[in-house]
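Presented below is the structure to which this report refers.
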Amino acid sequence: MRYALLVQGGPYSRQAAHSALRFGEAAIARGHRLETVFFYHDGVYNAARLAAPPQDEPHLVDRFRALHDNHGTQLKVCIAAGLRRGLLDEREAARHGKQGHSLEAPFELTGLGQLIDAGLSHDRLITFSP
Amino acid sequence: MRYALLVQGGPYSRQAAHSALRFGEAAIARGHRLETVFFYHDGVYNAARLAAPPQDEPHLVDRFRALHDNHGTQLKVCIAAGLRRGLLDEREAARHGKQGHSLEAPFELTGLGQLIDAGLSHDRLITFSP
Amino acid sequence: MHDESLNGEVLVILRHAPHGTSWLREGLDAALVAAAFGRRVTLLFVGEGVTALVAGQAVGALGQKGTQPTLEMLAMYDIDTLLVDQQALDERGLGVADLLLPVTTLAPPELAATLAAHPLVMNF
Amino acid sequence: MHDESLNGEVLVILRHAPHGTSWLREGLDAALVAAAFGRRVTLLFVGEGVTALVAGQAVGALGQKGTQPTLEMLAMYDIDTLLVDQQALDERGLGVADLLLPVTTLAPPELAATLAAHPLVMNF
Amino acid sequence: MILHTLNRSPTESRVYRQALAAMGPDDRLLLIEDGVQGALPSLIRHFGELDGRLFALREDLEARGLAGRCAAEVLVVDADGFVTLTEEADKTVSWF
Amino acid sequence: MILHTLNRSPTESRVYRQALAAMGPDDRLLLIEDGVQGALPSLIRHFGELDGRLFALREDLEARGLAGRCAAEVLVVDADGFVTLTEEADKTVSWF
């Protein structure tokens with residue numbers, strides 16, 4: 001089946017992102033296709049490119065990136081939720097007159113419409129909330 | 001009196017930062033000295049320098065900065081909580097081999113000991129949690 | 001028991017109060033976007049979410065506009081199926097006359113039928 | 001009624017379970033730092049926080065180490081006053097024999113006295 | 001005397017029980033943020049016998065359209081009054 | 001048939017009541033994260049009559065030291081079983 005995940009919890013503060021990664025990896029192991037992970041609410045913080053967790057903790061950004069690199073999973077971050085919380089790619093930073101950026105590929109800023117679309121077009125949408 | 005505030009909620013997702021600002025401004029209006037705002041847990045996200053809220057919403061980063069500029073309030077961000085969540089100043093970014101930074105003055109990364117110290121040395125510590 | 005006219009494509013469940021968190025606002029944003037994309041959207045207010053509909057709300061601590069203006073835009077987006085959990089109103093001593101907008105109240109057995117009747121259910 | 005030996009400078013109240021949120025870990029971090037700075041620290045476990053002390057915990061979903069190793073380090077930091085809300089144990093069907101570390105259980109009236117006896121109270 | 005703040009409604013979260021259990025006989029409780037829902041006449045019973053020691057923050061009531069719906073026994077204070085309560089208390093503990 | 005997930009303990013949050021109220025007669029409930037506390041024998045009563053439809057996630061029980069303390073009527077599944085439950089359900093709704 002084609003799966004989409006919605007992640008609404010930030011990293012470390014809440015288990016939501018951990019649970020989503022565990023579920024996504026298990027779904028892939030069962031032969032499903034994990035097409036999309038959509039990040040909304042505090043879930044957008046999972047895309048912070050500067051995250052520097054201690055060495056003995058799982059690096060969530062790297063784990064999400066691996067889903068993209070190994071399984072073609074699209075990592076979509078709600079642009080409105082991201083801008084409010086300081087997650088900007090180079091293009092949005094320039095548009096807002098800011099130096100630097102806090103989000104980079106394979107994470108991509110996208111509209112909320114893509115979440116609705118994923119919810120209706122994929123076989124399953126599973127939500128992980130804080 | 002000498003006041004310290006502890007802010008544990010992120011911006012926009014929770015009212016904690018709004019409540020802290022409102023309280024801090026009211027304390028100053030009553031003649032108190034707001035010496036320290038300490039950011040812990042998701043409160044560290046309030047220091048994200050790239051935050052770009054819509055024009056018709058309060059800009060929390062600017063409001064905290066105004067406390068520092070106008071009243072000398074120190075804005076202290078827990079370094080351990082910040083690093084995990086992707087909040088690094090230029091020095092920490094360099095130390096972790098990352099390009100760019102997500103936090104800048106007047107916010108400063110500091111150890112958790114400063115929170116204990118504020119709690120014991122100020123007349124009052126008021127906490128705003130998510 | 002279940003009114004077929006309540007069927008839609010997207011059900012957005014709103015369970016949080018205005019101001020205290022961004023759940024209500026972000027849930028409403030999802031509903032508006034779905035409607036703007038031409039989907040038939042139903043809103044279901046349960047638990048503390050019913051307080052989103054209380055008349056007479058004002059701006060927040062630092063001048064945040066709150067969600068009342070967004071609620072007033074729902075009709076413009078053709079979102080006119082507003083369902084409210086009757087028990088949640090009762091528990092808070094509220095009645096439909098206290099609310100900003102016309103709603104349909106649901107008794108407990110109708111909640112499950114409403115979830116079943118929508119292909120996409122988003123819970124905020 | 002209140003045991004004077006329970007007085008300290010810093011009271012850290014732990015109210016959250018391991019793994020689900022970072023509150024427990026961040027509360028323990030605050031306690032360890034206070035102790036490292038030479039402060040007398042008391043821990044008070046209430047509500048779901050008592051489950052932090054359940055023996056036999058394991059790593060988390062992605063190999064997170066959890067808080068059990070930190071709890072085992074408390075004695076090294078001279079944090080040896082561990083208070084537990086008896087009602088919270090009862091509600092979960094737990095007893096002191098189920099816990100990792102030796103604790104003192106408190107009846108409800110002693111909770112308020114414990115808060116009053118510490119100049120700095122931090123609630124996690 | 002300790003000032004306790006509570007930012008959750010008793011209909012959603014049971015943390016109000018923890019706050020009440022930790023309160024001494026002179027302690028005060030201030031409802032803020034989503035906690036002001038507890039000041040509704042139908043919910044006030046959760047707070048038992050706190051006569052004269054139960055407060056709610058005016059600005060948070062007003063933002064939610066609840067200013068005129070508060071139970072009579074709740075003492076309504078504004079942000080300035082919140083600061084006063086923290087001045088009068090030895091310390092403030094936040095329940096969330 | 002809908003799969004509902006719940007990540008809060010009934011001792012802390014009343015959201016379990018919302019989840020139960022929204023469940024149809026064939027729907028299933030899976031306790032995850034802090035929600036697995038609800039599988040303790042002393043707390044299972046909160047979930048009423050869900051015989052054969054109440055699940056808990058093994059990995060979250062084990063991480064909390066609760067794997068051996070679960071009530072007998074709870075069906076314990078691992079992450080693979082969680083995926084299977086989502087395959088069998090028409091959709092999944094998250095309560096938090």
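General observations
- Residue match in the range A:48-66 (condition: surrounded by fewer than 19 Cβ atoms within 10 Å (Cβ to Cβ), assigned to a helix (DSSP H, G or I) and without any contact (Cβ under 8 Å) to a residue 12 or more places away in the chain): yes
- Test: residue in the range A:79-86 that is within 14 Å of chain B (Cβ to nearest Cβ), closer than 28 Å to F:Leu85 by Cβ and not in a loop (DSSP other than H, G, I, E, B): no
- Picking from residues in the range C:4-33 that are within 16 Å of C:Thr70 (Cα to Cα) and among the polar types (S, T, N, Q), the one that is surrounded by the most Cβ atoms within 10 Å (Cβ to Cβ) is C:Ser22.
- B:Glu92 fulfils the conditions (1) assigned to a helix (DSSP H, G or I); (2) over 15 Å from the mean Cα position of the chain (by Cα); (3) without any contact (Cβ under 8 Å) to a residue 12 or more places away in the chain except for a single criterion, (3).
- The listed residue being of a type outside the set (Phe, Trp, Tyr), within 23 Å of F:Glu59 (Cα to Cα) and more than 10 Å from chain F (Cβ to nearest Cβ), out of D:Leu53, D:Leu43, D:Leu24: D:Leu24
- All conditions but one from (1) within 14 Å of chain D (Cβ to nearest Cβ); (2) touching a residue at least 60 places away in the same chain (Cβ under 8 Å); (3) small (Gly, Ala, Ser) apply to F:Gly35; the one that does not is (2).
- Members of the range E:72-89 that are among the small types (Gly, Ala, Ser) and surrounded by fewer than 17 Cβ atoms within 10 Å (Cβ to Cβ): E:Ala72, E:Gly81
- The set of residues in the range A:76-89 that are among the charged types (D, E, K, R) and free of Cβ contacts under 8 Å to residues at least 40 places away in the same chain comprises A:Arg84, A:Asp89.
- Unique residue being in contact with a strand residue (DSSP E or B) (Cβ under 9 Å, 6 or more places away or on another chain) and either at pLDDT below 95 or surrounded by 23 or more Cβ atoms within 10 Å (Cβ to Cβ) (or both) when the list is F:Arg64, F:Arg58, F:Arg69: F:Arg64
- Of the candidates C:Gln57, C:Gln68, C:Gln64, the single residue that is at pLDDT 95 or above and either closer than 21 Å to E:Ile32 by Cβ or not small (Gly, Ala, Ser) (or both) is C:Gln57.
- Selected residue (criterion: nearest to the other protein chains (Cβ to nearest Cβ)) from residues of the range D:69-124 that are within 28 Å of B:Gln8 (Cα to Cα) and β-branched (Val, Ile, Thr): D:Val121
- Looking only at the range B:84-111, and only at residues there that are hydrophobic (A, V, I, L, M, F, W, C) and surrounded by fewer than 23 Cβ atoms within 10 Å (Cβ to Cβ), the one that is farthest from B:Ala51 (Cα to Cα): B:Ala94
- Taken over the range D:65-102, the criterion of being part of a loop (DSSP other than H, G, I, E, B) and crowded, with 19+ Cβ neighbours inside 10 Å is satisfied by D:Gly66, D:Thr67, D:Ile79, D:Arg92, D:Leu94.
- Evaluation of F:Arg69 against (1) touching a helix residue (DSSP H, G or I) at 6+ places or on another chain (Cβ under 6 Å); (2) more than 18 Å from C:Leu111 (Cβ to Cβ) (one fails), failing number: (1)
- Any chance C:Ala31 is more than 10 Å from chain E (Cβ to nearest Cβ), farther than 22 Å from F:Phe96 by Cβ and at pLDDT 95 or above: no
- Filtering the range A:99-109 to residues that are under 21 Å from A:Val61 (Cβ atoms) and either without any contact (Cβ under 8 Å) to a residue 40 or more places away in the chain or assigned to a loop (DSSP other than H, G, I, E, B) (or both) leaves A:Gly100, A:His101, A:Ser102, A:Leu103, A:Glu104, A:Ala105, A:Pro106, A:Glu108, A:Leu109.
- Residue tally, condition within 12 Å of chain B (Cβ to nearest Cβ) and of a type in the set (Lys, Arg), over the range A:87-130: 2
- Within the range D:21-47, the set of residues being assigned to a loop (DSSP other than H, G, I, E, B) and of a type in the set (S, T, N, Q) comprises just one member, D:Ser22.
- Residue count for the range D:45-64 satisfying the condition of being buried (at least 19 other Cβ atoms within 10 Å of the Cβ) and more than 15 Å from F:Gly65 (Cα to Cα): 3.
- Annotation: E:Ser42 fulfils all but one of (1) closer than 19 Å to B:Ile126 by Cβ; (2) within 11 Å of chain C (Cβ to nearest Cβ); (3) surrounded by fewer than 20 Cβ atoms within 10 Å (Cβ to Cβ); the unmet one is (1).
- Residues within the range A:118-130 that are surrounded by 19 or more Cβ atoms within 10 Å (Cβ to Cβ) and either assigned to a helix (DSSP H, G or I) or without any contact (Cβ under 8 Å) to a residue 40 or more places away in the chain (or both), tallied: 2
- Selection of the range A:1-46 for residues being more than 9 Å from chain B (Cβ to nearest Cβ) and closer than 20 Å to B:His101 by Cα yields A:Val44, A:Asn46.
- Checking the stated criteria, C:Val50 turns out not to satisfy the condition of being in contact with a Leu (Cβ under 6 Å, 6 or more places away or on another chain), in a strand (DSSP E or B) and not polar (S, T, N, Q).
The values are calculated or read from the model by the stated rules, or taken from the named source; none is laboratory data. Keep in mind that what you see is a predicted model, and the values were worked out from it rather than measured. Cβ: placed from backbone, ideal geometry, glycine included. Neighbour counts: every protein chain shown.
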